[in-house]
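The values are calculated or read from the model by the stated rules, or taken from the named source; none is laboratory data. A quick note: this is a predicted structure, and the numbers were derived from the prediction, not measured. Note that we place each Cβ from the backbone using ideal geometry, even for glycine, and neighbour counts take in every protein chain shown.
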Amino acid sequence: MLYGHQSISAYSPGNISVWMAMAFQGGVLNSGGFMACHQFVSHVTGFATLFGRQASQGDAVHALGLLLVPLFFLLGAMIAAQLVDLKIRHEQKPRYYIVFGVMVVLLLAVAVGGFNGVFGAFGEPLSRARDYALLALLCLTCGLQNATVTSVSRAVVRTTHLTGLTTDLGIGLVRVLRRRAGDARISDEIRANAMRGGLILSFGLGSFVGAFLFSKAGYRGFLLPVAISAGLFGLMMYLQVLRPRWRRLRQPAK
C-alpha cells in the first residue's frame, strides 16, 4: 500500500504496519462511537436492523436518522474509490495522502466539536439530531478508511469491522489444515492467515485502549485516532509527494 501495490502480495513491514495501525484505529473509533451514543459506527447491518425496528414502531424520525447515517459510510467508500480504486485501475498513483488528510479533518471536527458541546453530553443515548451528526462523521471516516484498504488489497484486508476478516480466516485455516502435500500456494495462505489474525488482534487492542481512553477523556479520546491519521497523512505526503519532488530536483539538468 505504501508504494502503490495493487495487491497484498508484498508483505513488507511498511504495508503491514499501516494495516495494523488502521485496524487499531478502527477499534478505537468503534469504541468511541459506542460509548459516545451507544451505537457502533462501522456496523451497517446493525443500522439496517435498527431502522427496521424503529420503522415498525412508527418512529419515523429516528428511523430516517438510522437510514441516513450508513449512507455516509457509503459516501466515504465512494470518495475513497475515486481517489484510490480508480487510480489503481487506470494504472495511476493512488492519492492516499488526500484520503488520510480528509480523515484527519473529519476526526478533528469530531474531537473539537465534542469537547465544545456540539454533540451534547458524552454517553447520552442516541436520540437527537446532533447524535446522528456525530455518527455520520464517524461513518464517513470509516467508509474512507475501509474502502481505501479494500481497494488496494483487492478486498482481502478490512480494518473497520471483523466479519469479513473472521470469515476469511476461517476459510484460510481450513485450507492450511486440509492442505495437500506439495501445494505451492500454502505458504501464501499461512502468511495471509497470520495477517488476518494480526488485524483482528489489532482491532481488539484498539477497542480495549479506546474503551479505557474514552471512559477517562470523553470526546478528547478522539484525539488518538486524529494522531494516527495525521501520522499516516504525513507518511504518505512524504512518500508520494515530497520524496519524488526531491528526487526530481536532485536529477542533473539535461
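Odds and ends about this structure:
- Whenever a residue of the range 15-29 is farther than 12 Å from G198 by Cα, its partners that are assigned to a helix (DSSP H, G or I) and modelled with pLDDT under 90, lying with C-beta atoms within less than 8 angstrom and at least six residues away or across chains, give the pairs G26/N146.
- Restricted to the range 92-130, and to residues there that are assigned to a loop (DSSP other than H, G, I, E, B) and under 21 Å from Q145 (Cα atoms), the residue that is farthest from the chain's Cα centre (by Cα) is Q92.
- Condition met for R158 (closer than 23 Å to L137 by Cβ, buried (at least 20 other Cβ atoms within 10 Å of the Cβ), without any contact (Cβ under 8 Å) to a residue 60 or more places away in the chain and of a type in the set (K, R)): yes
- Restricted to the range 222-254, and to residues there that are touching a Leu at 6+ places or on another chain (Cβ under 8 Å) and modelled with pLDDT of 95 or more, the residue that is surrounded by the most Cβ atoms within 10 Å (Cβ to Cβ) is F222.
- First in the range 97-113 and under 17 Å from L239 (Cα atoms), second anywhere and among the β-branched types (V, I, T), Cβ under 6 Å, 6 or more apart: V99/T148
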